[in-house]
Amino acid sequence: MLGHLFLTTQSRHKRMLFLGFATLFAALGIAGSTPSCYTVVNGSPPLCSSCSGTCVQSSGCTCSNTSSCVPDAGCSLNSSSCCPANLFWNPSLNCCTADPYCSPACLADEVCKYVNQTAVCAANATYYTSQGLNVYNVSYSVKCESSNMTISVGKNFLEVLGYKPSASTLLQSNCSGVVESILQGQRVYSLTVQSGVGVCGNNMVKNTTTVSYTNAINIPPNIVNGLVTLSNLSIAFTCSYNISMWTSLFTVFKPVVSTQDLNSGSTSSSALTSMAAYSNPSYSVPVEQSQQQNMPVGSTLYFGMSTQFPDPIFVLRVEQCFATPTPDGSGTIKVQLIQGGCTTGEVGVQVIGNGQSSEVRFSISSFSFKNYDSVYIFCNARLCNKGSGTCASCGSSRDVSEQTQQFSLGPFSFVDTQDSSAVSHKGLSLTILMASLLTTWILLMSEF
C-alpha cells in the first residue's frame, strides 16, 4: 500500500596517442543524441581492422604497435573494455559510442551516466524538478507479513532532494542495512523489522482483537564538504494484525516457546513451527518465562502449536505428548498425555483440535511429580497431508512417528496451594493456642 509523508568496470586508463577527446566526440557527433558508432577522422584512434588490432581483457583493443584502436568488426569482450577511454561499448549497435550504455536499461526517472569510469543509472534531477515536486511529495510502501514489516522508500527522488536513503535506519539506529530493489517501476531502499514488541524500537498497541506495531524509518541528509543543510527525514509506519495463536507470541518479550522447522517429508520446503504455553482458552495471552514457576496445581494450562507452512493441503498434527520431571525427556518417570493424536486419559488432558488446520490446541490440568520440583512437556509433531484421510484420527504407525520433530517446554513448577493453606491453618491454630495459655497464666498470677 502506498502512503504519503507524515508531517513530522573496470578501471581503464588507456593511452591516447592521438589528438584527444575532442576529436573523439567530433567523430561521434554530440554525446547524448541518438547513439552512433565511432568513425575515424584525422588524428583519432584508428579502427582495429586497419592496424592488425586485437582485443584482450587486460589492455582492451590495441594495434600491433600497442596504440589504442577501436573495434569495427565486433569485440569478443562485449564490454566497454573494448573501447578507449570515454567511449562505451553498445552491444545493440556492436560498436563503441560516446554515449554510456547501461544494462539493464535505466528506469523512467534515471539517466545513464559515466561515474568513476563505469556506466551507471543515476537519478535524473530534471525528471522531478520539472514537476515542481518537494519533500511533501515523498511516498513510501509498507508490506505487512505474518512475522515482519517492510518499509520501502524511493531512492532517486530522495537523492534529488538531498538525502542519503542508503544510510537509513529504524527507530533504533543500529537497525540498518537497507536492501535495494525495484518496486512498481521505482528503485527503492527497504528495511525489514520483525513484528514484535520492542524490536528495533517497535511500539505496540493491543486490544482484544488486534495488535498494532509502529516504527519509523529515519533518512539522514547527504553531507557534502562537511555541510549539513537538511534535517533527518522521519516516516512512521504501522502494521496491524488480528490476534491469533501465532501473532500473540510477539506481544510479550519472553514467551515460553519452542520453535522448529517442519517439512512435509515429500518436499524440500520447510516452515517455522512453534509450540507455546498460554494462560487463557482463546490462546491470546502467552505465558512468559517469568510466570512459569510456582503455578497452582490443578490450574488449567493451555498449549498451542502453529505452523507457517504455506501449502494448505498440509495440516499440523501432534502424534504424542508426555510429561517428565527431567529436562532431557529420556528418564523412566513420565506420564503420557497424548498418544496417536488423542488423549490417553491418564491425567486431565483435553485435545481441542489436532490434525485439522495449521494449529493444534490442547489443555492440561496441571500436576507435579512427587519428590520433584519441575515438570517438562515434550510433544512430537509433523505436517500431515489432508488427502490421506488420517490426519485427525487416533493411532499412528512406526513410519509416521519417524517423520516427527520434537518440541519441549519447561521447566514448569506447580505449587500445591491446599498444602500451603493447611500449613497456614496450623500456624494460625498454634498462635491461638499460645495466646490462650498466656491469658490463663496472667489470670492465675493475678490471684496471688
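The values are calculated or read from the model by the stated rules, or taken from the named source; none is laboratory data. Computed from a predicted model, the values in this text were never measured in an experiment. Note that each Cβ is placed from the backbone with ideal geometry, even for glycine, and that neighbours are counted across all protein chains shown. Ligands, DNA and RNA are excluded from the accessible area calculation, which covers all protein heavy atoms including side chains. Shrake-Rupley method; radii C 1.70, N 1.55, O 1.52, S 1.80 Å.
Using r as the Cβ-Cβ distance of I333 and Q308, and R0 as 41 Å, what FRET efficiency do you calculate, to the nearest 0.05? Don't skip to the answer; put the middle values down first.
Details: r = 35 Å, r/R0 = 0.84.
It comes to 0.75.
Probe radius 1.4 Å, ligands and nucleic acids ignored: give me the carbon and sulfur share of the accessible area of segment 154-298 as a rounded percent. Present the calculation step by step, with values, prior to reporting the outcome.
On the way: 3430 of 6920 Å².
For segment 154-298, the apolar C and S fraction of the accessible surface comes to 50 percent.
Hey, with R₀ at 56 Å, roughly what FRET efficiency would S279 and T66 work out to, going by the Cβ-Cβ distance, to 0.05? Write down the numbers at each step before the final one.
Working: r = 81 Å, r/R0 = 1.45.
It comes out at approximately 0.10.
For segment 113-217, take the alpha-carbon Rg, divide it by the Kirkwood Rh, and send me Rg/Rh.
On the way: Rg = 16.3 Å, Rh = 15.5 Å.
Rounded to two decimals, Rg over Rh is 1.05.
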Given labels modelled 7 Å from the Cα in the Cβ direction, how far is it in nm from C144 to T54?
6.5
Phi-derived 3J(HN,Hα) across segment 159-167 with the Karplus relation (6.51, -1.76, 1.60, θ = phi - 60°), rounded Hz, x for Gly and Pro, is 5, 5, 6, x, 9, 10, x, 5, 9
Karplus-derived HN-Hα couplings along segment 91-105 (A = 6.51, B = -1.76, C = 1.60, θ = phi - 60°), whole Hz, x at Gly and Pro:
x, 6, 8, 6, 7, 8, 10, 7, 8, x, 10, 10, 9, x, 4
Apply the a/c threshold of 1.5 to the C-alpha gyration tensor of segment 322-372 and tell me whether it is rounded, prolate or oblate.
prolate
Strictly over 27 Å apart at the Cα level, which of K206/K254; K143/K254; K113/K143 would you flag in this model?
K113/K143
Taking the simple approach of a point 7 Å from Cα along Cα-to-Cβ for both A108 and F253, what is their distance in nm?
4.8
Where only alpha carbons of segment 36-148 are counted, the Rg and the Dmax (Å)
20.0, 67
Between V224 and T39, 0.36 nm times their residue separation minus their Cα-Cα distance comes to what?
62.6 nm
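Restricting to Cα pairs below 8 Å that are 6+ residues apart, what does the relative contact order work out to for segment 184-306? Please round to a whole percent. Walk me through the numbers before you get to the answer.
Values: 187 pairs, mean separation 22.5, N = 123.
Contact order relative to length: 18 percent.
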Residue-ordered couplings for segment 187-203, obtained by feeding phi - 60° into the Karplus form 6.51 cos²θ - 1.76 cosθ + 1.60 and rounding to whole Hz (Gly and Pro as x), are 6, 10, 10, 10, 10, 10, 9, 5, 7, x, 5, x, 5, 6, x, 4, 9
When the C-alpha atoms of segment 180-299 are aligned to their principal axes, what extent does each axis show, in angstrom, from largest down?
70, 40, 26
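How would C95, C106 line up by accessible area, probe 1.4 Å, largest first? Display every interim value, and only then the final one.
On the way: C95 10, C106 40 Å².
Accessible-area ranking of C95, C106, largest first: C106, C95.
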Given the Cα-Cα distance of L183 and A122 and 0.36 nm per residue of separation, how much length would full extension add, in nm?
20.3 nm
